[in-house]
Structures are given as structure tokens and as C-alpha cells.
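Everything below concerns the one structure shown next.
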Amino acid sequence: MAKTMFEKIWEAHVVREAEGQTLLYIDLHLVHEVTSPQAFEGLRLTGRKVRRPDLTVATMDHNVPTTSRLLPIADPISRLQMDTLSENCKEFGVTLYDLHNKKQGIVHVIGPEQGLTQPGMTIVCGDSHTSTHGAFGSLAFGIGTSEVEHVLATQTLPQTRPKTMEIRVDGQLGPGVTAKDVILAIIGKIGTDGATGYAVEYTGEVIRSLSMEGRMTICNMSIEAGARAGMIAPDAKTFEYVKGRPFAPQGADWDAAIAEWSALPTDEGAAFDTLVTLHADDIAPYVSWGTSPGMVAPITANVPAPEDIEDEADRKATERALEYMGLTARTPLTELMLDKVFIGSCTNGRIEDLRAAAAVAKGHKVSDRVHAMVVPGSYIVKMQAEAEGLDVVFKEAGFDWREAGCSMCLAMNPDILQPGERCASTSNRNFEGRQGKGGRTHLVSPQMAAAAAIAGRLVDIRDWDKE
Amino acid sequence: MEKFTTLTGIVGPLDRANADTDQIIPKQFLKRIERTGFGQFLFFDWRFLDDGKTENPEFELNQPQYKGATILLAGKNFGCGSSREHAPWALEDYGFRSIIAPSYADIFYNNCFKNGMLPIVLPEETVKELMTKAQTEPGYQMTIDLPTQTITDSDGLKLSFEVDAFRKHCLLNGLDDIGLTLQHEPDITTYENKRPSWKTGAAQPVAA
Ligand code: SF4
């Protein structure tokens, strides 16, 4: 029978089935400092061990300062959380890439970078953006801390089977339109709960033509549409990306892996529970105007007017969002003046993102009214960027070039927005207070963020050359 | 884990859609390494004024008639956003044992069950009616009975709700998931023995 890629991976990982629950085997468990301390504590209290330390990797990302690594960590609670992870990893025999390790970085950047992330795997992490790894044709999803403990103790997870959704994007993207714009357009179309209960597979010409980085950007934000997981079939590009990385199979193992991975893509004629289609011609550079990732519009649009909205709940939500965002209905989005710009995060903090932003920034100066920050997704991305001279481009243009980490994506470290400040950000969430209490976030692509930093306001990247 | 059988309590209304986990428990409180003590930070930015201390009188749950509420009535897509289990920890620590909403984000929904909390899904229309009741009848209470999967109140309300049989069983008996899984340890070992050798130690460096 014809099967979807999701079904193939799911079925290959069933340990047992009973009472509507499937016990799924987990191939790779990624751990970070914020969602793991209580899980390790649980193991200690019950006298349990980590079943497969060899399938578990930990890093520090959420809390880490992005100033020099030589400075002590000023916040004692952040430090305690990081120290706790170090001690836990030592006690339970888990590999840790700490602050001073050359492999440190955002957990969803380092997994692919190290070749830990491979097609066909089940991958979990106590972080909702684990869906990123689905870009390699794996089943990857975020879990809570109790589930982290469960996986540590058993290397399995009881799961109910999600439904499947195909999101197909046909055509060819126009100039200035990126993977970020595609996923924002998708979320705008189906809503922040449009894919709740589904494992999504992205298909179509647009997806196939994206680089691995672009595919990761798409899968990363699946969770913002509520999806349990987002995935993209592996192809030659995927194999090329994985090959030769530190944890990738080698020699005869590589051949065995390729044979297995090549059989993963969804069979011709396999049925999804739901199909959503978009066309590239309808996707412009996107920007979010509100306080949820579904509140997005093409950059050419105006701030929406609540009175135009029929549905009462939507209208109320829009009113609330405009008030929080300090916006007047019908203002052109390109007139919104900015205070900060953030380029980074697990959505857009990879080398290709930095290259794209640098290409825009080159030879320009950041507007006087803006503080613009570039935070590489990992130490390796940072080194690569510096080897290519991107850091010089950014610094000459007046951008603040930082160390790797999550940084202002969630503002748990000292990088934070002040109340009322408006920020163009390449991250994934524009919730109230996400980047600091009272802070106002507009989600955009790296190109759009760089252009916005220079103009001091949101701009349409397609008009950039003409300005 | 604490058992859940029957719950009678005050209903606290939170009439907003898409209440995300960043609102339920803002990130500055995620640095604790314990599971307890998160209730004081629940809905922090909504609940307190800018000084972080004074209760915001406009926030629904701060009104005196909802003090001590154990049932939270919320809008659709409750708990969307991050996977932080700190969200159900904060709700539980504040005093909520059950939530009623038209829909939830997946990870949040799962996380509730792991903490002895019962998230109930009811149709949007029904939630709206209950919202009106909770907003207009001071001290409005209801009873949630898990064994019979029913919700009742003193006005003669009677609603039934769905819950996955396995999760119900775990809640009723306060069962620890990990303990249950470990009863099937031999199945896990059998599975592991079948995995191709190139997958063992996927997280061990291939070459030093
Ligand atoms: S970059 Fe942001 S979304 Fe990604 S893991 Fe870090 S905090 Fe989470």
C-alpha cells in the first residue's frame, strides 16, 4: 500500500501498541538547560538512569549571554541553570556542548550542523521548535519536561498518532521572497491552530528548490501553525548536506543509510488527511503586524482595520493586538519606524541567512535610530561567517556582531527590548512580551531585517535597490 | 502524580483566544530548576501592573469572585507556543486542576495530563455559554466527574466530555507514565536489538 513519509517513519519506530497509544522509539534526544533540570531531578528521585546516553546530546543556548565568552555570567540564576546541566550531564554520562565548546549553539542549529540530524530518525527535544529537524525527512517534535524525563529513562515515548497534512507550494518564488515569507504566508493562511493535531509534509516545486537552510526555516515554524511536526522529503541536497559531518555514517554505513533514506519519500498515490495548497505567485515578502504569527501581511499592505473584520473574536483579537503594538489601522506597513533589529535564532541564524543579510547591508550604514544585532545560531556559524568576512561587512555597516545563542529570540539572556520599542526580527514568535515586556516584534526574513535596519523602518526588499 | 477523580470548584473565566505559554508563564521565570513555586508567576504580565507587584484590577482572574478558582475556562488554542511544562506547573501551583476550552495546543495538552490536570474540550458555543455564566453569576461553581465524564452545576447543567481511555486510567489512578513504560522494558530491548548497527550510538562521535 502507498504510504506517506510520516507513516513510514512512524511505523518503523513502533515498540508496542496498546489502548490507542503507540510506544515510539526515539533515535535522538537533544537536551538544553531550561527544560531539563526537573527531568534529571526526577531520575535521581526514582533512582533511574539515562537508558541511552549514546543517543542523547546536550547543549546550552537559551540562557547564554552573547557578549564575550570570557566574561563571567552576570545573572546568578542563569548560571545555576547552566551549572546544573553540566553536573547532570556528568552524573548521567551525557555528551554536553557547553558554553566553551566549539560545537555550542542553538540546539536546532547544531543538530544538523554536526550531522546528528539524519533522515528517517525520530528526534525529540524539550523545545517546540524541534520541528526544524524535519527538514531532513525525520519525524521531529517538541516535548515537555515530563516527557524529557520519560525519554531519558526509556528512550521511548507514548504517543497518539497525529493526522497527516500535505502543504504544497507550487511555482517559483519571485526575487526577494524567501523561505521565511513562505512559512509566514502559510501560517497567515491556515492560522496558528490550522495544523493542530497534524504532522505536516511540505511539498511542491518551491519546497524542492529551497536549500537545506531554507527548508529548516520552513519546518522550524510548523509549530506556529500548531503542527506536531513538519517534514520535507530527503533528496540529493539532503544527502549532500549530511555527508561528511562529524556524526554522519561513513563508508559502508553511509551506503546502507542512503539505501534506507532513499525509500523514505511519500509513495505516489499515498493519501493525506488534509491538503493545503499555495502558489508562489501569491507570496510577497511578508511581515507580521500583530501579536501572533498568524497576524501577518505582505509588506505592501496596510495595518488592518478592526472594523473591517466580521468575526467578533477576530475583531477583538485584532483590536487588542493593535493596541499592544501601538499601531493605527490602515497605516502602510512600510511607514513603521524601528528601534531595534535582531538577526538570528533557530529560524534564521544559519550561515545562509547571515550571507543574505550581509549582502543587503554591504556598503550601507545602520540608521541612527536603530540598534541592530546579529547573533549567529552557533559557534561554527560564527566562525564560518568570520572566515567569509561577513562580520566585517556587518560591523562596518554598524551592526552589533555577537556570540552564538538564542539571544533576543526569547530575551532570557540580557538581550531584551524595552517597553514600547519596535523591532524587526528574524525569529519566530511575536507574542506579547516575547522579546521583552511591552516590546513590539515584527517578524521578517533576514534580507528584510537588514534593509529595515538601514532604512530605520520596515521596507519592501524588492524596492531596496531603488532607494 | 496526584489522582484526579471528582472536582467541584469555582470557575475562573479567561475570555481570550490563543493564550500562549509566554503569557501563562513568562520566560524570566523559567530559570528555576525546581518543579514547584511557579503559581506566583502565573499570567504575570497580565496579572500585575508594571511594578510587577500590584495586582492589575482589570485582569479577570484578579476579581474577588474568582479567588480560589480551581477550574479555568479559556478561549480556543489555549497553551500555544513553547513546550515549557512550566505552564501547567504554574496553573497547577496556582490552584487550577482542570481547564475547559474549545481547543488546546498539542504539547500543552499532553503536559497537563503528566501533572494530574484534566484539560477538557467542549464546543466553542458551549464554552461561550459557560463563559457568560461564570462572568455573571458570582461564585459560579461546577462539578467535573472524571469516572462518568460529566460536568454538572446546581442549575441542572449536564454536559459530557471525551477523554482518551488510557489517559483517563492514568489520571484516575495517579499513575506514573515512566513506571508503566518500564513494565514493557523487554519490548524496548527487543526493538533495540533489531536496529541496524550504524544507528547505535548516533550521538557518539564517529571519529575522534
Ligand atoms: S532561537 Fe528562539 S525559538 Fe529557537 S530554540 Fe532558541 S529560544 Fe527557542
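The values are calculated or read from the model by the stated rules, or taken from the named source; none is laboratory data. This one's a predicted model, so the numbers in the text were calculated from it and none came from an experiment. Don't worry about glycine lacking a Cβ; one is built from the backbone with ideal geometry, like all the others, and counts go over all protein chains shown. Heads up: the accessible areas ignore ligands, DNA and RNA and are worked out on the full protein's heavy atoms, side chains in. Shrake-Rupley method; radii C 1.70, N 1.55, O 1.52, S 1.80 Å.
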Scalar couplings 3J(HN,Hα) for segment A:379-384 by Karplus 6.51 cos²θ - 1.76 cosθ + 1.60 (θ = phi - 60°), nearest whole Hz, x for Gly and Pro, are 4, 5, 4, 4, 4, 4
Restricting to Cα pairs under 8 Å and 6 or more apart, the percent relative contact order of chain B works out to 25 percent
Listed by chain and number, the residues whose amide H is under 5 Å from that of residue A:140, excluding neighbours fewer than 5 places away on the same chain and using placed H, are A:123, A:134, A:230
Per DSSP, the loop-located GluC sites (Glu not before Pro) within segment B:1-58 having at most 12 other beta carbons within 10 Å are B:2, B:34, B:58
Among A:428, A:394, A:375, the residue whose Cα sits farthest towards the positive end of the charge dipole of segment A:366-437, when +1 is placed on the Cβ of each Lys and Arg and -1 on the Cβ of each Asp and Glu, is A:428
The size of the Cβ-based charge dipole (Lys, Arg +1; Asp, Glu -1) of chain A about the Cα centre, to the nearest 20 debye, is 900 debye
Going residue by residue through segment A:441-455, the Karplus relation 6.51 cos²θ - 1.76 cosθ + 1.60 with θ = phi - 60° gives ³J(HN,Hα) values, rounded to whole Hz and with x marking Gly or Pro, of 9, 10, 7, 8, 7, x, 4, 5, 5, 5, 5, 5, 4, 6, 7
Here the whole-number average of other chain Cβ atoms within 10 Å per Cβ of A:131-143 is 1
With every protein chain kept in place and a 1.4 Å probe, the residues A:391, A:273 fall, from largest accessible area down, as A:273, A:391
quick note, segment B:63-208, DSSP beta bridge pairs, % antiparallel (nearest 5) is 45 percent
Sorted by chain and number, the residues with a modelled amide H under 5 Å from that of residue A:167, at a separation of 5 or more or across chains, are A:201, A:202, A:203, A:276
In terms of the charge dipole of the protein assembly as shown, which places +1 on Lys and Arg and -1 on Asp and Glu at the beta carbon, the residue among A:191, A:363, B:170 farthest towards the positive end is A:363
Excluding residues fewer than 8 positions from residue B:67 in its own chain, the aspartates and glutamates with Cα under 20 Å of it are B:15, B:45, B:55, B:58, B:92, B:93, B:137, B:153
Using a 1.4 Å probe on heavy atoms of the protein chains only, the accessible area for residue A:346 in Å², nearest 10, reads 10 Å²
Rounded to the nearest 10 Å², the accessible area of residue A:54 using a 1.4 Å probe with every protein chain kept is 30 Å²
Quick calc, chain B, dipole around Cα centre from Cβ unit charges on Lys, Arg (+) and Asp, Glu (-), nearest 20 debye, gives 560 debye
Once normalised by the length of chain A, the mean sequence separation of its alpha carbon contacts under 8 Å that are 6 or more apart gives a contact order in percent of 17 percent
In order over segment B:14-31: 3J(HN,Hα) from phi, Karplus 6.51/-1.76/1.60, θ = phi - 60°, whole Hz, x for each Gly or Pro, gives 10, 7, 9, 8, 6, 5, 8, 5, 5, 7, 4, 8, x, 4, 5, 9, 8, 8
Which of B:123, B:138, B:196 fluctuates most in a GNM of chain B (C-alpha springs under 10 Å)? That residue is B:196
So, relative contact order of segment A:290-356 in percent, Cα under 8 Å, 6 or more apart, is 35 percent
Given pairs A:90/A:382; B:31/B:199; A:103/A:365; A:49/A:102; A:3/A:237; A:189/B:31 and cut-off 24 Å on Cα-Cα distance, the over-length ones are A:90/A:382; B:31/B:199; A:103/A:365; A:49/A:102; A:189/B:31
Counting only residues 5 or more apart in sequence or on a different chain, those whose built amide H sits under 5 Å from that of residue B:8 are B:144
Rounded to the nearest Å, the spacing of the alpha-carbon centers of segment A:300-356 and segment B:144-167 is 41 Å
Computed about the Cα centre, the charge dipole of segment A:1-160 from +1 Lys/Arg and -1 Asp/Glu charges at the Cβ has a magnitude in debye, to the nearest 20, of 320 debye
Taking chain A and counting helices only, DSSP H stretches of n ≥ 4 at -39,500 (n - 2.57) each over all residues, the nearest-500 ellipticity at 222 nm comes to -9500 deg cm²/dmol
Distance in Å, no decimals, from the C-alpha centre of segment A:94-137 to the one of segment A:230-278 is 17 Å
As a percent rounded to 5, the proportion of antiparallel DSSP bridges among beta bridges in the protein assembly as shown is 30 percent
